[in-house]
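Throughout, read-outs are computed from the coordinates displayed, never taken from laboratory work. Computed from a predicted model, the values in this text were never measured in an experiment. Heads up, the Cβs are rebuilt from the backbone with ideal geometry, glycines too, and the neighbour counts pull from every protein chain shown.
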Amino acid sequence: MPPPVEVWAAQVRAGEVRAISRAITAIENHAPEAEGLLRLLFPHTGKAHLTGVTGAPGTGKSTLVDRLVAFHRKNQAKVGVIAVDPTSPYSGGAILGDRIRMQGHASDAGTFIRSMATRGFLGGLAGATAEVALLLDAAGKEHVLIETVGVGQDEIDIVRLADCVLVVLVPGLGDDIQNMKAGLMEIGDIFVLNKADREGADRLEQQLLAMISLVMPRDGWQPPVIRTVATENKGIRELAAAVKQ
């Protein structure tokens, strides 16, 4: 039995891990008490910075998120991560690859990581992602990182939720700009050229810059291209600074 909803909401706001985990499960399963819980938490949202991380499979999104978490924690900021995974055809639950990659943060009380299954939702997000992001905001997380499943052009729902969208690309994946969908070009606030030590990085960067110049700036913002090698922690400080802007 869950505690009375007022007590539960207070526990979530205090950052109690068990209360947060149970609340997310209730939201995902459309439990009757979830709506009342969210109603109590909503007035305490609006402080967190929500960053979406999207891009094709194999671009190193999870490693990039892992390094951003480490950067924020080094600066004493509390972090929440929502890793949206493909749904397992056997269990209907998330294939927890992202959480395995980020297990180094598992014992850190200042970091909360949750994998969520898409459960058939298109657009790269799970159905309850927005509500879970609000919940982590209310729980005092200063940064909430949302990693989408990596299926390409359908991943444009993230723009409705995130304050800043990172589109991650790497050289040599066949993701020439000609093959990039217009939707991804339009939603990107920052383009991350990861694995930038690979051959073809300079060419991809020039293609990106040329394509960005053709897109109308949103609110005067011209998306930058940030080069990273996430596995070596290169470019992470510059990326975090760009997100902050």
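For residue 49, what residues show an amide H to amide H distance below 5 Å, using hydrogens built from the backbone and excluding near sequence neighbours?
For residue 49, whose amide H was placed from the backbone, the distant partners under 5 Å are 143, 144.
If each residue's Cβ is checked for other Cβ atoms within 10 Å, how do 82, 236, 20 rank with the fewest at the top?
236, 20, 82
For 49, 143, which order do you get if you count the other beta carbons within 10 Å of each Cβ and list the fewest first?
In increasing order of surrounding Cβ atoms, one gets 49, 143.
DSSP loop (so not H, G, I, E, B), at most 15 other Cβ within 10 Å: list which trypsin sites (Lys or Arg not before Pro) in the stretch 1-84 pass both filters.
Sparse-neighbourhood loop trypsin sites (Lys or Arg not before Pro): 47.
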